[in-house]
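Derivation of every value follows stated rules applied to the coordinates shown; laboratory data play no part. This is a predicted model, so every value here is computed, not measured. Methodologically, a virtual Cβ is constructed for each residue, glycine included, from the backbone with ideal geometry; neighbour enumeration extends over all protein chains shown.
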Amino acid sequence: EDKVVQSPLSLVVHEGDTVTLNCSYEVTNFRSLLWYKQEKKAPTFLFMLTSSGIEKKSGRLSSILDKKELFSILNITATQTGDSAIYLCAGGSGNTGKLIFGQGTTLQVKP
Amino acid sequence: DAGVIQSPRHEVTEMGQEVTLRCKPISGHNSLFWYRQTMMRGLELLIYFNNNVPIDDSGMPEDRFSAKMPNASFSTLKIQPSEPRDSAVYFCASTKIEGRYGYTFGSGTRLTVV
């Protein structure tokens with residue numbers, strides 16, 4: 001059965017801290033690994049990773065994929081209160097566009 | 001582009017009533033997905049369509065749930081009869097089958113069954 005597991009499930013940090021969110025996956029016909037940020041409404045797209053070892057960056061956020069170990073991490077440096085959200089990892093299966101989501105990591109950044 | 005449009009935004013209904021949720025995907029997207037999100041179970045895939053054809057409905061919890069996609073610009077998720085345990089946020093998402101661009105989610109429908 002396809003499975004995506006995130007850790008930790010929740011995290012509380014202070015502004016300025018650096019955090020690392022983890023995602024492991026077992027997805028049939030794996031194609032891509034995606035990260036989403038969910039605040040109060042719908043998840044919004046952050047990154048899509050398809051190749052091992054190539055870091056993707058967007059401002060203070062970065063992510064990398066290890067297809068040998070079936071693992072991805074999302075790093076957030078110099079965290080801000082606006083980074084407080086649920087971060088979702090999802091594995092893309094085959095050519096169908098189907099995504100299997102992890103449970104999410106709830107990040108709270110305190111001032 | 002208006003994005004993925006879902007309606008209604010909120011729905012409160014009594015147990016036993018029929019509920020219909022609606023979704024308009026982004027124009028040009030040929031895959032559509034229905035997800036349910038709860039605190040306990042996170043985001044669960046219910047069903048998805050490629051080119052209006054249902055591909056995998058194994059996530060539909062039981063026969064009370066049904067989904068249709070009569071054309072490329074409209075889909076419905078129906079619950080009949082509804083039960084309190086169906087209370088959740090239901091998201092619709094669309095993408096291109098090639099999966100290259102990731103999903104775009106709608107704003108969700110918050111369903112409360114009392």
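Brief remarks on what is shown
- Qualifying GluC sites (Glu not before Pro) in region A:1-85, where qualification requires a DSSP coil assignment and no more than 14 other C-beta atoms within 10 Å, comprise A:1, A:15, A:39, A:55, A:69.
- Taking the convex hull of Cα positions in chain B, its mean projected area over all directions (nm²): 6.6 nm²
- Residue with peak Gaussian network fluctuation, chain B [Cα springs, cutoff 10 Å], from B:85, B:64, B:41: B:41
- With all pairs of different C-alpha atoms in the average, the Kirkwood value for the hydrodynamic radius of region B:1-62 is 13.4 Å.
- Listed by chain and number, the lysines whose C-alpha is less than 23 Å from the C-alpha of residue B:68, apart from same-chain residues fewer than 8 away, are A:98, B:24, B:78, B:96.
- Inter-centroid distance (Cα atoms) of region A:15-56 relative to region B:61-114, Å: 23 Å
- Partners for residue A:110 among aspartates and glutamates (Cα-Cα distance below 16 Å; same-chain residues under 8 apart left out): A:15, A:17, A:39, A:83
- GNM flexibility winner over chain A from A:63, A:72, A:84 (Cα, springs under 10 Å): A:84
- Per residue, the convex hull spanned by the Cα atoms of region A:12-109 measures out at 91 cubic angstrom.
- Per the Kirkwood formula applied to alpha carbons, the protein assembly as shown shows a radius of gyration over Rh ratio, Rg over Rh, of 0.97.
- The longest part of chain A holding none of the exposed loop trypsin sites (Lys or Arg not before Pro), meaning those outside H, G, I, E and B in DSSP with at most 16 other Cβ atoms within 10 Å, is A:69-111.
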